[in-house]
Amino acid sequence: MLHILSDKKRRKFYEENLNIEATVLFENDIEDGMIHGFTENYIRVTAKYDPVLVNELKRYKLVSVNAKGLVELEEMEEVFLH
């Protein structure tokens, strides 16, 4: 029951943050051709895999929550190098 409540609260939080711009740090976590990462406030995101993105910061617009509960992105133009 607690897992279900946690999933519902996470999804609500993710949906409240849709249509905003966020900086994403991508990890070397690849599944089905998609790379995963996190925003500054720990929203788990997914995008099409590009090896250049691993361990890099990039601005994106958060656009939707997919069936797996991950937020899908729309690319912005600005890139930050660390």
Taking the chain and counting helices only, DSSP H stretches of n ≥ 4 at -39,500 (n - 2.57) each over all residues, the nearest-500 ellipticity at 222 nm comes to -6000 deg cm²/dmol
Dipole magnitude of region 2-80, debye to nearest 20 (Cβ charges: Lys/Arg +1, Asp/Glu -1, about Cα centre): 480 debye
Pair I4, D32: separation of 7 Å Cα→Cβ label points (nm): 2.4 nm
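Starting from the alpha-carbon convex hull of region 2-80, give the projected area averaged over all orientations, in nm².
Spelled out: convex hull of the Cα atoms, projected over all directions, averaged, 5.1 nm².
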List, in order, the whole-Hz ³J(HN,Hα) value for each residue of region 20-29 obtained from phi through the Karplus relation with A = 6.51, B = -1.76, C = 1.60 and θ = phi - 60°; use x for Gly and Pro. 10, 9, 9, 8, 10, 10, 8, 9, 8, 10
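Over the chain, what is the percentage of antiparallel beta bridges among all DSSP beta bridges, to the nearest 5?
Percent antiparallel among DSSP bridges in the chain is about 90.
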Label zone at Y42, where the point sits 7 Å out along the Cα-to-Cβ direction: region 9-30 residues whose backbone N lies under 15 Å: 9-14
Listed by chain and number, the residues whose amide H is under 5 Å from that of Y49, excluding neighbours fewer than 5 places away on the same chain and using placed H, are M34, I35
Relative to the chain, whose Cα atoms define the longest principal axis, helix 2-16 and its Cα axis are tilted in degrees, nearest 10, by 50 degrees
Along the positive direction of the dipole of region 2-80 (beta-carbon charges: Lys, Arg +1; Asp, Glu -1; about the Cα centre), which of N66, I4, I35 reaches farthest? I4
Coil-residue GluC sites (Glu not before Pro) of the chain, DSSP, other Cβ within 10 Å capped at 16: E40, E56
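None of the figures in this text is laboratory data; all of them are computed from the coordinates on show. Since the structure is predicted, the reported quantities are computational estimates derived from the model, not experimental observations. Positions of Cβ are generated from backbone atoms using ideal geometry, with glycine treated the same way; all protein chains shown enter the neighbour counts.
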